[in-house]
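Chemist: Here's a structure for you.
The values are calculated or read from the model by the stated rules, or taken from the named source; none is laboratory data. Values in this document were obtained by computation on a predicted structure and should not be read as measured data. Glycine gets a Cβ as well: all are built from the backbone with ideal geometry, and neighbour counts include every protein chain shown.
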């Protein structure tokens, strides 16, 4: 016990009378304040992570569609095409199967972080003719219009390059500004 002149006051200081356990209002307010500070610190980091994951999903989706277009051309023995529209941030897969012409349109609007096609990322070379012409795969699976597709976030801090070779091979590279070079992921 403390050296207090009023033992009843020192024993019950900050605690409800009657001996019931629990937290005081001040303890709850301090806890809530600490939690609010931790959440405020963590939210920007979580947004950055979500934006990065969204960009990765967009790249994976495009690569998957390119592989799909190549497989459809081989399967049906007819050319297939993936076209790109940088103004609307959409891409279109066109192919012919046994029932006729087929088309599937997708866009990047559902992805966070301003993911978009970039015809000419700043400082990374000339424009990409692929975005204007699209990618066409022959019935043998070759790309008749090989080239590069660039996908960036809204401030061009992350740039992904998807390369399509004549052979139909598709690869991804990431721009590393610190070393001023492309690297494979």
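Chemist: I'm checking my understanding of the structure. Among residues of region 143-165 that are touching a strand residue (DSSP E or B) at 6+ places or on another chain (Cβ under 6 Å) and not in a strand (DSSP E or B), which one is nearest to residue 59 (Cα to Cα)?
Modeler: The extreme case among them is 146.
Chemist: Here's something else I'd like to know. As an exercise: evaluate residue 92 against (1) closer than 15 Å to residue 168 by Cα; (2) out of contact with any helix residue (DSSP H, G or I) (no Cβ under 9 Å at 6 or more places or on another chain); (3) part of a strand (DSSP E or B) and give the number of the one condition it does not meet.
Modeler: (1)
Chemist: What pairs can you find where one residue is in region 84-100 and touching a residue at least 60 places away in the same chain (Cβ under 8 Å), the other is part of a loop (DSSP other than H, G, I, E, B), and their Cβ atoms are less than 6 Å apart, with a gap of 6+ or different chains?
Modeler: none
Chemist: Those residues that are buried (at least 20 other Cβ atoms within 10 Å of the Cβ) and over 30 Å from residue 158 (Cβ atoms), I need them from region 73-100; list them, please.
Modeler: 73, 95
Chemist: Considering only region 166-185, state which residues are part of a loop (DSSP other than H, G, I, E, B), without any contact (Cβ under 8 Å) to a residue 12 or more places away in the chain, in contact with a strand residue (DSSP E or B) (Cβ under 9 Å, 6 or more places away or on another chain) and exposed (fewer than 11 other Cβ atoms within 10 Å of the Cβ).
Modeler: Matches in region 166-185: none.
Chemist: Shifting gears a bit: Answer yes if at least one residue in region 23-34 is at pLDDT below 90, surrounded by 10 or more Cβ atoms within 10 Å (Cβ to Cβ) and either touching a helix residue (DSSP H, G or I) at 6+ places or on another chain (Cβ under 9 Å) or closer than 29 Å to residue 155 by Cβ (or both), and no otherwise.
Modeler: yes
Chemist: For residue 103, are the conditions met, namely being in contact with a strand residue (DSSP E or B) (Cβ under 6 Å, 6 or more places away or on another chain), loosely packed, with under 14 Cβ neighbours inside 10 Å and either part of a loop (DSSP other than H, G, I, E, B) or modelled with pLDDT of 80 or more (or both)?
Modeler: On the way: in contact with a strand residue (DSSP E or B) (Cβ under 6 Å, 6 or more places away or on another chain): yes; loosely packed, with under 14 Cβ neighbours inside 10 Å: yes; either part of a loop (DSSP other than H, G, I, E, B) or modelled with pLDDT of 80 or more (or both): yes.
So residue 103 fits the description; yes.
Chemist: For residues in region 106-142 being in contact with a strand residue (DSSP E or B) (Cβ under 7 Å, 6 or more places away or on another chain) and part of a helix (DSSP H, G or I), which is modelled with the lowest pLDDT? Show your work before the answer.
Modeler: Taking region 106-142 as the starting set, the residues that turn out to be in contact with a strand residue (DSSP E or B) (Cβ under 7 Å, 6 or more places away or on another chain) are 106-108, 115-118, 121, 124, 128-131, 134-137.
From the residues that got through so far, the ones that are part of a helix (DSSP H, G or I) too are 129-131.
Numbers: 129: 69, 130: 73, 131: 74.
In this case the residue turns out to be 129.
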